[in-house]
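What follows is a set of notes on a single structure, which appears directly below.
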Amino acid sequence: MEKAKKASTGLKSLAESAPRKSAAPAAHGVGRRKSCVARVWLRRGKGNIKVNGLDFKEYFDTNATRLEASTPLRLIPEALNFDVEANVHGGGISGQADAVKLGISRALVSLDEGLRIELRKFNLLTVDARKKERKKYGQKGARRKFQFVKR
């Protein structure tokens, strides 16, 4: 009985002493592309974007993927009042950038429904559902056939 009491008070003190996040999330959005999933939280801030704990300029290696991921923030001026924190897993870098873009857009819409029209103009709420086609048996790939031999 005493051990259970000590364990529970120890957990309580750990929870109280643990550092807290700067602000509660204002909005949450999920973006998907190919096999990538991005979970995005918006918090009040200065427009910084963090992906998996890194600044997005460090995480995304090319300018194209950086521009793709930050598109909603560049188009909506009110969005610069929020810091973006994204957890991304699966797929490759360009798919992850698209997933982050969709997650940010969905989070902004959950904050202000009036932004839906503006984001829809630039196709930021449209899910790109293209995925890799599976390989078929009796073929070299999804569509590629083995070379035909006449004799």
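The values are calculated or read from the model by the stated rules, or taken from the named source; none is laboratory data. Bear in mind the structure is a predicted one, so any value in this text is a computation, not a measurement. Methodologically, a virtual Cβ is constructed for each residue, glycine included, from the backbone with ideal geometry; neighbour enumeration extends over all protein chains shown.
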Of the candidates PHE56, PHE60, the one satisfying the condition of being touching a helix residue (DSSP H, G or I) at 6+ places or on another chain (Cβ under 8 Å), under 20 Å from ALA23 (Cβ atoms), touching a residue at least 12 places away in the same chain (Cβ under 8 Å) and of a type outside the set (A, V, I, L, M) is PHE56
Of the listed residues (ARG39, ARG143), the one being charged (D, E, K, R), assigned to a strand (DSSP E or B) and modelled with pLDDT of 95 or more is ARG39
Review point. With respect to ARG66, is the statement that it is part of a helix (DSSP H, G or I), among the charged types (D, E, K, R) and surrounded by 13 or more Cβ atoms within 10 Å (Cβ to Cβ) true?
Key: yes
Pairing a residue in the range 115-133 that is over 16 Å from LEU75 (Cα atoms) with any residue that is of a type outside the set (A, V, I, L, M, F, W, C), where Cβ atoms lie under 6 Å and the two sit 6 or more apart in sequence or on different chains, gives ASP128/ARG33; LYS131/LYS34
Exception for GLY103 within (1) touching a strand residue (DSSP E or B) at 6+ places or on another chain (Cβ under 8 Å); (2) free of Cβ contacts under 8 Å to residues at least 60 places away in the same chain; (3) not in a loop (DSSP other than H, G, I, E, B) falls at (2)
If we keep only residues of the range 42-63 that are charged (D, E, K, R) and outside any strand (DSSP E or B), then the residue modelled with the lowest pLDDT is LYS46
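Yes/no per residue for (1) outside any loop (DSSP other than H, G, I, E, B); (2) crowded, with 20+ Cβ neighbours inside 10 Å; (3) modelled with pLDDT of 90 or more:
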site	(1), (2), (3)
ARG74	yes, no, yes
GLU78	yes, no, no
ALA86	yes, yes, yes
GLN96	yes, yes, yes
ALA107	yes, yes, yes
GLU113	no, no, yes
ARG116	yes, no, yes
ARG130	no, no, yes
